[in-house]
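Inspection log for the structure reproduced underneath, given as structure tokens.
The values are calculated or read from the model by the stated rules, or taken from the named source; none is laboratory data. Nothing here was measured: the structure is a model prediction, and the numbers come from that model. Don't worry about glycine lacking a Cβ; one is built from the backbone with ideal geometry, like all the others, and counts go over all protein chains shown. The protein model used for the area step is the full one, side chains on, heavy atoms only, and it has no ligands, DNA or RNA in it. Shrake-Rupley method; radii C 1.70, N 1.55, O 1.52, S 1.80 Å.
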Amino acid sequence: MTPKPDSNPADEISADDIASVVASLEPDQLISEKEKHHCPRRRLSRTEMVIFWALRFYLVFMFGVVVYQILTSAR
């Protein structure tokens, strides 16, 4: 497959090509390549932060409920 003169070579790379390259890398090579192309954390909106904090509180509450149920059923 010859690239077109006005096209970007990265446009010609398929997902199968990328998968085969990643599969052939050694673990240390893969880690060093991932560090070169680090993607920073996304900034969350206020609504998203509230939702995630609510989920955290719910998780802690439900963990307490499960522990309580285990302790009361063990008696």
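Data overview
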{"quantity": "Per-region count, segment 27-50, residues assigned to a helix (DSSP H, G or I) and either in contact with a strand residue (DSSP E or B) (Cβ under 6 Å, 6 or more places away or on another chain) or at pLDDT 85 or above (or both)", "calculated": "5"}
{"quantity": "Total residues in segment 27-63, condition surrounded by 10 or more Cβ atoms within 10 Å (Cβ to Cβ) and among the small types (Gly, Ala, Ser)", "calculated": "2"}
{"quantity": "Among (1) at pLDDT 95 or above; (2) open to solvent by less than 90 Å² (accessible area, probe 1.4 Å); (3) of a type in the set (Ser, Thr, Tyr) - the single one SER24 does not satisfy", "calculated": "(1)"}
{"quantity": "Count of segment 11-21 residues which are surrounded by 10 or more Cβ atoms within 10 Å (Cβ to Cβ) and outside any loop (DSSP other than H, G, I, E, B)", "calculated": "6"}
